[in-house]
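Worksheet: one structure, shown below.
The values are calculated or read from the model by the stated rules, or taken from the named source; none is laboratory data. Keep in mind the model is a prediction, meaning the values are calculated, not measured. Reconstructed Cβ throughout: ideal geometry from the backbone, glycine too, with neighbour counts over all protein chains shown.
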Amino acid sequence: MTKRYLNQNDKFVKDLINSIEPDFIFSAKPINRFKTENIEGKNFEKNKLDKIADLKKKINSIEDCNLKKNSKRLVMGEGDIDSSIMLVGEAPGFDEESSGLPFQGKVGELLNKMLLAINIKREKIYLSYSVNFRTPEDRKPTSLEIRRYSKFLKEHISIINPKIIILMGSTAMEAITGSINKISEERGKWKETIIKNKTFPLMVTFSPSYLIRFPENKKHSWEDLKNIKQKIENLNIKI
């Protein structure tokens, strides 16, 4: 007859566990130690969407605004809310007002080509406007209108929290920098703006709608795009 030797240490551990918690369940499945982090990430994304929705309600609640009164629809934004790049245009036109989405029609087609020229897909960035309602006869927004909506734009930027801001057109430039200089004098230069105590690098360049009207300036836009691409590489931004 063979004697069976008991491992007293094993018996002690088993007794100890049973004395603390008799319903322990053991599994060979690895513990997912990143579960909480992923949940936090999802909550963070949800918070951004909630903040954008709240901001949209704020803009829609504006009173005594001719832009809102004469416009059919508010155009907020589109794209990746977690992108490192935020592109801000001037104001929606007919196509944008009809669809509710920024940069549509011929303007959108040109913008897509401009972005692809520096290997950026439109859906990988976030797009919005300085003024969220179409202006009558697509005129340039007045300085008063720009100032009225700039506080919403700055809040929008703070929510998206990009690493780079691209301002397309003089309206976008004035809304963020306050400059009323000719855009030809300000474009192509890296500047900085501070929003809620955070510094954002930005580049001013021509809008696609302007380039459609004045195609001779596309060569200058191409220089700006190359400058933007270099900044993306320098900051090691993955798009």
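If you check every pair at least six apart or on different chains, which have Cβ atoms under 7 Å apart with a residue in region 63-83 that is under 15 Å from I52 (Cα atoms) first and a residue that is loosely packed, with under 14 Cβ neighbours inside 10 Å and among the polar types (S, T, N, Q) second?
L74/N60
Regarding M203, is this residue over 18 Å from R147 (Cβ atoms) and touching a residue at least 40 places away in the same chain (Cβ under 8 Å)?
no
Would you mention how many residues in region 124-171 are in contact (Cβ under 8 Å) with a residue 40 or more places away in the chain, part of a helix (DSSP H, G or I) and either under 14 Å from K196 (Cβ atoms) or in contact with a Gly (Cβ under 6 Å, 6 or more places away or on another chain) (or both)?
Number satisfying all stated conditions: 10.
So which residues in region 200-217 are under 20 Å from I125 (Cβ atoms) and buried (at least 16 other Cβ atoms within 10 Å of the Cβ)?
Correct list: F200, L202, M203, V204, T205, F206, S207, P208, S209, Y210, L211.
I'd like to know if region 174-184 contains one or more residues that are surrounded by 22 or more Cβ atoms within 10 Å (Cβ to Cβ), assigned to a loop (DSSP other than H, G, I, E, B), in contact (Cβ under 8 Å) with a residue 60 or more places away in the chain and in contact with a strand residue (DSSP E or B) (Cβ under 7 Å, 6 or more places away or on another chain).
No; the residues of region 174-184 include none that is surrounded by 22 or more Cβ atoms within 10 Å (Cβ to Cβ), assigned to a loop (DSSP other than H, G, I, E, B), in contact (Cβ under 8 Å) with a residue 60 or more places away in the chain and in contact with a strand residue (DSSP E or B) (Cβ under 7 Å, 6 or more places away or on another chain).
Suppose we filter region 84-107 for residues that are in a helix (DSSP H, G or I), among the small types (G, A, S) and touching a residue at least 60 places away in the same chain (Cβ under 8 Å); how many remain?
Final tally of qualifying residues: 0.
Can N197 be described as over 28 Å from S61 (Cβ atoms), surrounded by fewer than 17 Cβ atoms within 10 Å (Cβ to Cβ), out of contact with any helix residue (DSSP H, G or I) (no Cβ under 7 Å at 6 or more places or on another chain) and without any contact (Cβ under 8 Å) to a residue 12 or more places away in the chain?
Spelling it out, it is not the case that N197 is over 28 Å from S61 (Cβ atoms), surrounded by fewer than 17 Cβ atoms within 10 Å (Cβ to Cβ), out of contact with any helix residue (DSSP H, G or I) (no Cβ under 7 Å at 6 or more places or on another chain) and without any contact (Cβ under 8 Å) to a residue 12 or more places away in the chain.
Report yes if E223 is outside any strand (DSSP E or B), at pLDDT 95 or above, of a type outside the set (S, T, N, Q) and exposed (fewer than 11 other Cβ atoms within 10 Å of the Cβ), otherwise no.
Spelling it out, it is not the case that E223 is outside any strand (DSSP E or B), at pLDDT 95 or above, of a type outside the set (S, T, N, Q) and exposed (fewer than 11 other Cβ atoms within 10 Å of the Cβ).
Given (1) hydrophobic (A, V, I, L, M, F, W, C); (2) in a helix (DSSP H, G or I); (3) modelled with pLDDT of 95 or more; (4) farther than 30 Å from Q230 by Cα, identify the lone condition not met by I39.
(3)
How many of the residues in region 77-110 are within 21 Å of I176 (Cα to Cα), surrounded by 15 or more Cβ atoms within 10 Å (Cβ to Cβ) and out of contact with any strand residue (DSSP E or B) (no Cβ under 7 Å at 6 or more places or on another chain)?
Matching residues across region 77-110 total 1.
Might you check whether a residue that is touching a His at 6+ places or on another chain (Cβ under 8 Å) and in contact (Cβ under 8 Å) with a residue 24 or more places away in the chain occurs anywhere in region 110-118?
No; the residues of region 110-118 include none that is touching a His at 6+ places or on another chain (Cβ under 8 Å) and in contact (Cβ under 8 Å) with a residue 24 or more places away in the chain.
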